[in-house]
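S.K.: A single structure is presented below for examination.
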Amino acid sequence: MNSSATEQAVKQPNNEFPKKRMRLGRHRGLIIALVAFTSLFLLVDIISPGPISYFEISFLSSGGTTLALAAVGETIVILSGGFDLSAGAVISLVNAVVASNMDPTDMNASVPLWTFIGICIGALAGAFNGFFIAFLRLQPIVVTLSTMFIVQGITLLVMDKPGGFVSPSLGNFYMGDAIPEFLPMSIILLGVVILLWLWIKNTRFGIGIYAIGSDPESARSTGLRVDWIRFGVYVLAGAFYGMAGVFISAQTGSGDPLVGNPLLLQIFAAVVLGGARLGGGRGGCVGSIFGAYILMMVVNVLLVLNISAYFATIAEGVILILAVLGSSVSRDSILAQHIRDLRSRIAAFMAGTLPRKLGSKNTRLKLPGITDTKGQNNTVVVPGFLSRHAETLRYALPAYICFILVILVTQLVLGNALFSWNYYNSLIVLSSFLAILALGQGTVILTGGLDLSIPWTIGLCGILLAGMVKGSDEALIYALPLVLFIGCLIGVINGLGIVFLGISPIVMTLATNGVLQGLALIYSGGTPDGFSSPMLRWFMTSKDYGVTPVVFLVALLAVVAVLLLGRTPFGRRVYAIGNGQRVAELSGINVDVTIVLVYALSGLCAAIVGVLLTGFSGQASLGMGDEYLLPSIAVVVVGGALITGGRGHYLGMLGGVFLLTSLLTLLAGTTLPYATRAILFGLVVLGAVIALRERRT
Amino acid sequence: MRLVSKVASIAMIAIFALGLTSIPTDAAAKKYKIFLSMSFIGNDWQAEAANMVKAMALHKNLADKVDLQIQVAGPNAQRQIQQINAMVQAGADAIVVYPISPTALNSVVKNACARGVLIFAYDGSISEPCAYNISIDQLEAGRVTAEWLVKKLDGKGDIIVITGVPGVSVDTLRTKAAKDVFAKHPGINIVAESVGMWSQAVARTELSKILATRNWDSIDGLWMQVGCYTANAMQLESGKKPADLMPCAGEGANGGRIQMLPIGTEVEGASSPYAPLNAPRISYASPPYSGGYALKLAVAKLDGKDVPQEIVLPLPIVTNETIQLCNEGTWAEMKAGCNAFLPSIVPNPGWFASIFSENTPEIGLNGALVGQPEL
């Protein structure tokens, strides 16, 4: 994805015109977001009855402000090359704290004071993230995932159900008008945020954010204090989430411990819509603000167009893709590049100058290896197992060590664990879903991507299977391959969108997920029917001789996965792409095909999980895959994989699966309140990955 | 140049999007414009409730009065705020809402009321006083079911508790009421507690986790918000006989209702575990008809009739003494007392069976299944 920037830099000669073009090009993300926003706005204006009044504008602007503020915070993190999953949880925490601590009799609570408190809470959560990410050099995704759980737990301790009170003075201020009948306060607020950001961007700190996002090593070499900048980024982002929390408190006038959590995926979508590049270094906060408003305007568009409920998620997915596709309408977009490539390929084919037509001659380099050195034992010494796998072991072992610790604690607290086969059998059965997902999601992550379409791939495949087999083992013979094929197909569509349309994996798979949800609803009419066949149920739940058959599948899968990623050309290509897509391309790897295959594998894994879950539960239900999205990412990272790709081993991920499942099993066996469990879960995951921290280079 | 082409392309996209759906005509000028703002459509209960609202709107008593539009807000309260507001702008006469949050909607609801729009919340409630709330008493639901379980166990035994979605009022209230009852009986020990998310699938994973270190024989009873059907199925898988099933206080899924029927009852389409087992149960639910009822009340209010602000629906409780199989599931048949449906008609055991209300003769089983009203 970096290539277009470098190409532009190379192409740029010393005259006026390209400079201007480049400047426009640099802001392409922003421009697209702006255009998409304007056209959506006009669309709503044209088709809604009557003109848009000031009142409507005021409501529209305040409606998107929370998401916009959160998206600004997330953008700063993403610009620095990070990732923050705690955004939604922090918003809920601020809302809960504000609403449960305000004096219900005080109608004129101080706006600046409570705003300050909210921002401080957010910044504090950010500092927690920042400490572990910047100074202990842990991966942002695991740290913020742990923070998310911890913060959600604390929020529930502060407020166990919706309620509380937020003084109307806050609402009157933030929801009111700056200039009556002309300018709502929320727009002023966002204006201030934009000015603040433009200022920050030009400070040393701001330039540092872009620098470490583009290349942390170079940034360090030029003398930037990378750790402190990173720390500052998370604190600043936290402050913005805090502000979003204050705003939502003002908007709703009360507290709800769950209010911010569902915002998370939308925050990411807003950032990507706004033109920021995941991985860092490119984009800006202004685009994300428009991205946020685009997402909120979708609600109005769906209403005005009267799109039926079952189609809502499909329409949303399509709008998301179309908005992002705006970027494909330029000369140096990925789509245009692919069309050019294809054209030159066809031309080369006609001219007969394709590489494979040029006659083959083995031009491999001859390296001195064992086979070449018969009789000369002293030239090459094969290193021992430990030193050959030192890197893998270092990253894979912590998960297993923690896993053993959890088993010991389980034995102490609940008993019947350490020496009970029943315990291990249950553990493996419960782990089977994540173990399979870890192969798919893990491979995607190894290439530097992310698959968010897992939940409804599982859901749709499960529902289709149950609907087709209707309890008959014979029907399984055709239904099973068909469903697995559909899973692959979903993955191929994801892959094609990512590779050929140049849509970022997050947006593409998020949109696919929405479309699949719609399809599942339409297919099932809201209530999925059918149930799993006896054989499938036997496979997942029986205990002949104390062993559930799926245990063998997990063992087989582990072998297949290790061989696939470690011993096949496909596996080596995956690692190569993750370590550097451009380098992989120049080394002659067909990057496009490999990426499509990787997503197909992920789709296949999700389909298998859909089938197994149907067998496990006896029937399929809507939303049965929802619980597996974040865990599928978490286990991969806890198992030592690098979220930006290129590093990780399946056995490590499997360790992550066992660790998480055993921990949840331990917690489920207790009577601790959910809030405490969430906090414990977060802390254990955090503790498990402290051993994974990056070495200072 | 590039900018121009971009604008053009986006305009084309917009036109394309417009072409996808026809713009509603204003032929129905005299009808009430009523919107349904649902939370999330990805689960059985929500889909069923939406079907019942649809069926109500199609019934001959209402069909020529109501122009109903259904919109989904997803799990996100922010979007529901935006959506309700857009509905007010679109000229709604009334909005039927499944509130994602009882508190977060207050200001938007207040604003809607100020513009003369009626707001009817079903299942959950909205704390803004101008909203009409239609739901069951969640505290009562928790208390009654817990008391039943205590009685079944003669006041002593080890039980497992599976709750709903943490942080949601309904779950907090039910669980609190139930635990208050258990606390009064020192013989009752909660040995494990887990979050079930109101889903049969999650209930199974959570129970499997709990049973990794325990076996069924060490447990005497279950209090679950959703999952008794699954718990019974799991006990059978572990080799228990139907006669040994332990008492379970839980949800109103049809699968669980069928399991409550005496063994040997002729049931078309039944196959184990979705079959009569004489399972000791108390079955309750937030009834999915509340959305349809809310729509009916909204129309009544628009017609100028008096409608109370807070409507507490009777708690639909079914025990082994009152369980009765329906043949077709018409409203008249349910009024005569039946409360479980044939698996051949309702193939999904997780489907919620508490669909009968004295007040909604417009909708029966067909309403809940496919959105078709009674004749």
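No lab work stands behind these numbers, since they all come straight from the coordinates. Note that the structure is a prediction, hence the values are computed from the model and not measured. For neighbour counting, all protein chains shown are included, and Cβ atoms are generated from backbone atoms with ideal geometry for every residue, glycine included.
S.K.: Rg and Dmax of the range A:38-162 over Cα atoms: what are they, in angstrom?
M.R.: Radius of gyration, then largest Cα-Cα span, for the range A:38-162: 18.3, 57 Å.
S.K.: Next question. R0 = 45 Å: FRET efficiency of A:Ile346 with A:Ile194, Cβ-based, nearest 0.05?
M.R.: 0.45
S.K.: Would you please report the Å³ per residue occupied by the convex hull of the alpha carbon atoms in chain B?
M.R.: Dividing the Cα hull volume of chain B by its residues yields 171 Å³.
S.K.: Once you have a ≥ b ≥ c as the square roots of the Cα gyration tensor eigenvalues for the range A:392-690, tell me rounded if a/c is under 1.5, and otherwise prolate or oblate according to whether a/b is larger than b/c.
M.R.: It comes out oblate by the Cα gyration axes.
S.K.: So, one more: Taking every pair of Cα atoms in the range B:169-292, average 1/r, invert it to obtain the Kirkwood radius, and report Rg/Rh to two decimals.
M.R.: 0.97
S.K.: Let me ask something additional. Please report, for the Cα atoms of the range B:283-375, the Rg to one decimal and the Dmax as a whole number; what are they, in angstrom?
M.R.: Cα only, the range B:283-375: 13.9, 43 Å (Rg, Dmax).
S.K.: When the Karplus curve 6.51 cos²θ - 1.76 cosθ + 1.60 is applied with θ = phi - 60°, which whole-Hz ³J(HN,Hα) does each residue of the range A:625-636 get, with x for Gly and Pro?
M.R.: For the range A:625-636, the Karplus-derived couplings read x, 4, 6, 9, 5, 5, x, 5, 6, 4, 5, 4 Hz, x marking Gly and Pro.
S.K.: Taking each pair of different alpha-carbon atoms in chain A once, compute 1/r for the pair, average those values, and report the inverse of that mean as the Kirkwood hydrodynamic radius in Å to one decimal.
M.R.: With all distinct Cα pairs of chain A included, I get 27.1 Å.
S.K.: Let me ask another. Give me the log10 of I(q) over I(0) for the range A:55-298 at q = 0.10, 0.14, 0.16 Å⁻¹, as the Debye formula computes it from C-alpha points; what are the numbers?
M.R.: Calculated log10 I(q)/I(0) at the listed q: -0.43, -0.84, -1.08.
S.K.: Here is a further query. Rounded to whole Hz and in sequence order, give me ³J(HN,Hα) for the range A:651-662 from the Karplus expression 6.51 cos²θ - 1.76 cosθ + 1.60, θ = phi - 60°, writing x for Gly and Pro.
M.R.: Here the 3J(HN,Hα) series is 4, x, 4, 4, x, x, 4, 5, 4, 5, 5, 5 Hz.
S.K.: Of all the C-alpha pairs in the range B:180-233, what % are more than 12 Å from each other? Working shown, then result.
M.R.: Working: 950 of 1431 pairs.
Across the range B:180-233, Cα pairs with separations above 12 Å total 66 percent.
S.K.: Averaged over its residues, how many other protein chain Cβ atoms are within 10 Å of peptide A:611-623's Cβ atoms? Write down the numbers at each step before the final one.
M.R.: Working: counts 0, 0, 3, 1, 0, 4, 10, 13, 11, 3, 11, 12, 10.
Taking all residues of A:611-623 together, the mean is 6.
S.K.: Can you tell me the relative contact order of chain A? Whole percent, Cα pairs under 8 Å, sequence separation 6 or more.
M.R.: 20
S.K.: Radius of gyration and Dmax for the range A:540-697's Cα atoms, expressed in Å?
M.R.: Calculated on Cα positions, Rg and Dmax stand at 18.2, 57 Å.
S.K.: For the range A:144-270, take N as its residue count and report Rg(C-alpha) divided by 2.2 N^0.38 Å.
M.R.: It is 1.31.
S.K.: Now for a different question. Spelling out what I want: for every residue of the range A:156-164, take phi, set θ = phi - 60°, compute 6.51 cos²θ - 1.76 cosθ + 1.60 (Karplus), and round to whole Hz; glycine and proline get x.
M.R.: Per-residue couplings from phi come out as 5, 5, 5, 8, 8, 8, x, x, x Hz.
S.K.: Something else now. State, as an integer percentage, the relative contact order of chain B based on alpha-carbon contacts under 8 Å between residues 6 or more apart.
M.R.: Worked out over chain B, it gives 18 percent.
S.K.: Under 19 Å from a label point 7 Å along Cα→Cβ of B:Asp303: give me every residue in the range B:346-371 with its amide N that close.
M.R.: Counting backbone N atoms under 19 Å from the label point, the list is B:357-364.
S.K.: Separate question: If R0 is 22 Å, what FRET efficiency do you get for A:Arg356 and A:Ala336 from their C-beta distance, rounded to 0.05?
M.R.: 0.30
S.K.: For the range B:104-184, state what percent of all Cα-Cα pairs lands in each successive 10 Å bin, counting from 0 Å until the bin that includes the largest distance.
M.R.: 17, 36, 23, 15, 7, 1
S.K.: Any idea what the relative contact order of the range A:194-288 is, in percent, if you count C-alpha pairs under 8 Å spaced at least 6 apart?
M.R.: Working: 63 pairs, mean separation 29.1, N = 95.
Over the range A:194-288, the number comes to 31 percent.
S.K.: In whole angstrom, how long is each semi-axis of the equivalent ellipsoid of the range A:420-461, when you take the square root of 5 times every eigenvalue of its Cα gyration tensor and sort them from largest down? Display every interim value, and only then the final one.
M.R.: Numbers: eigenvalues 132, 39, 5 Å².
Semi-axes, largest first: 26, 14, 5 Å.
S.K.: Report the calculated FRET efficiency for A:Thr671 and A:Phe182 (r = Cβ-Cβ distance, R0 = 35 Å), to the nearest 0.05.
M.R.: Numbers: r = 57 Å, r/R0 = 1.64.
Efficiency, rounded to the nearest 0.05: 0.05.
S.K.: If you wrap a convex hull around the C-alpha atoms of the range A:428-486 and split its volume per residue, what is the figure in Å³?
M.R.: Convex hull volume per residue, Cα atoms: 97 Å³.
S.K.: Let me ask something else. In nm, give the distance between the simple-model label positions of A:Leu630 and B:Glu310, each being 7 Å from the Cα along the Cα-to-Cβ direction.
M.R.: 3.4
S.K.: Hey, got the average number of other protein chain Cβ atoms within 10 angstrom for residues in B:86-94?
M.R.: 5
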